[in-house]
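Structure first, then comments.
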Amino acid sequence: MFTFIYSRITAVIHSAGVDFSNGSSFKINMSEFRLEEELGRGNYGTVKKVYHKPTNVVMAMKEIRLELDDAKLNAILMELDILHRAVAPEIVDFYGAFFIESCVYYCMEYMDAGSLDTLNGVGVPEDVLARITANMVRGLKFLKDELQIMHRDVKPTNVLVSRKGAIKLCDFGVSGQLERSLAKTNIGCQSYMAPERIKGESLNNVGTYTVSSDVWSLGLSIIELAVGAYPYPPETYSNVFAQLTAIVHGPPPELPEGKYSADAAEFVDHPWLVADRDREVDMAGWVEQAVDFRKAKRAAGAEVSSSEDRVPDKQTVEAAVKAGDVVADGKPTDEKPAESSKPVEDAVPVENGASEAPPDTDPKPVPAE
């Protein structure tokens, strides 16, 4: 049994589940799972797809090894606390956690299309872009309004997608409590930091993070999806300092002119997002095209998540299939069918959460004052 204590939160994690100080309890244990496949690996564990036999539900399981410092332990508890309280359609579902031999395992909803960074590229239609944006905004608004939480690491990698077209936020290990809308530490992915975070200027000259910083990261992520590449590509700058200078002092990036409506370009004024509520969007169709393209790139030995990637339209995919270059599932036609791998019964999963393994960086959450 292991007890986490962080700020006002207490969680007791044992081999049969986790009990939170607010009365919530999740009973789940290793014997209930069958390993399906590994999804990702990092310095602190491995992400795996698992099958929960009692409920017939496929889940993503994270393993986090505990030879870590206090800041990382606090980050683990913070994420568990947020996940079990953040019940919303735009937030990845939490199924429970348990502790075995110096490892914490926690189980979350498995999103079968992966993260947005592997699906991005030129060709994202405006209605799809609006739906993605609306879901991200609603998710961030829920965190702020209901839990007083800032995400602090908004980027395409932390937005998961299902083949049915669901869009959900994940990775709350660096999220922070809202205290006067100010957090006194810079955390998260530097390339998605807002200018004020990079400058680190405030009245007391300490690096700050405000709610508007999440908005900047959201906008940067949406523009990346629209143009098919990170808006500040490193290869165009002589060094990282030049890149950061462009973010702080240069004009903000914009959606491609002529490709998106004026409402989309000015979505901060809301009509674009409001219109999404009544719009019928074939999200599943878009995800299917993007996944087919990703498979084709991987089969050809190309790197999927790069600024050169482009998600083709349906006609392009169909033409490639018709020409015999790629079969329907994205594999080359001369490729032999792979032997089916039999799932390993009751394998010990390693860290699994959503689409990727835990980051190699050590975020240092700031307790609420």
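The values are calculated or read from the model by the stated rules, or taken from the named source; none is laboratory data. Every value quoted in this text rests on a predicted model; they were computed, and no experiment measured them. Cβ coordinates were reconstructed from backbone atoms using ideal geometry, including for glycine residues, and neighbour counts include every protein chain displayed.
Brief remarks on what is shown
- Some residue of segment 251-264 being modelled with pLDDT of 75 or more, surrounded by fewer than 18 Cβ atoms within 10 Å (Cβ to Cβ) and over 13 Å from Y192 (Cα atoms): yes
- The single condition among (1) β-branched (V, I, T); (2) assigned to a loop (DSSP other than H, G, I, E, B); (3) in the same structural domain as L147 (by TED's automatic domain parsing) that V128 does not meet is (2).
- Hits in segment 107-148 (condition: closer than 30 Å to E67 by Cα and in contact with a Gly (Cβ under 7 Å, 6 or more places away or on another chain)): C107, M108
- I132 crowded, with 19+ Cβ neighbours inside 10 Å, of a type outside the set (D, E, K, R) and over 27 Å from Y44 (Cα atoms): yes
- I64 being β-branched (V, I, T), touching a Pro at 6+ places or on another chain (Cβ under 7 Å) and either more than 30 Å from I223 (Cα to Cα) or surrounded by fewer than 18 Cβ atoms within 10 Å (Cβ to Cβ) (or both): yes
- Residue among D153, D214 that is assigned to a loop (DSSP other than H, G, I, E, B) and either at pLDDT below 80 or surrounded by 14 or more Cβ atoms within 10 Å (Cβ to Cβ) (or both): D153
- Output for segment 41-58, where each listed residue is in contact (Cβ under 8 Å) with a residue 60 or more places away in the chain and either on the phi > 0 side of the Ramachandran plot or outside any strand (DSSP E or B) (or both): N43, Y44, G45
- Qualifying residue in segment 114-127 (condition: touching a strand residue (DSSP E or B) at 6+ places or on another chain (Cβ under 9 Å), at pLDDT 90 or above and of a type in the set (A, V, I, L, M)): no
- Boolean, L225 is out of contact with any strand residue (DSSP E or B) (no Cβ under 9 Å at 6 or more places or on another chain), modelled with pLDDT of 80 or more and of a type in the set (A, V, I, L, M, F, W, C): yes
- Pick from segment 265-294, criterion assigned to a helix (DSSP H, G or I) and not hydrophobic (A, V, I, L, M, F, W, C), ranking: modelled with the lowest pLDDT: D269
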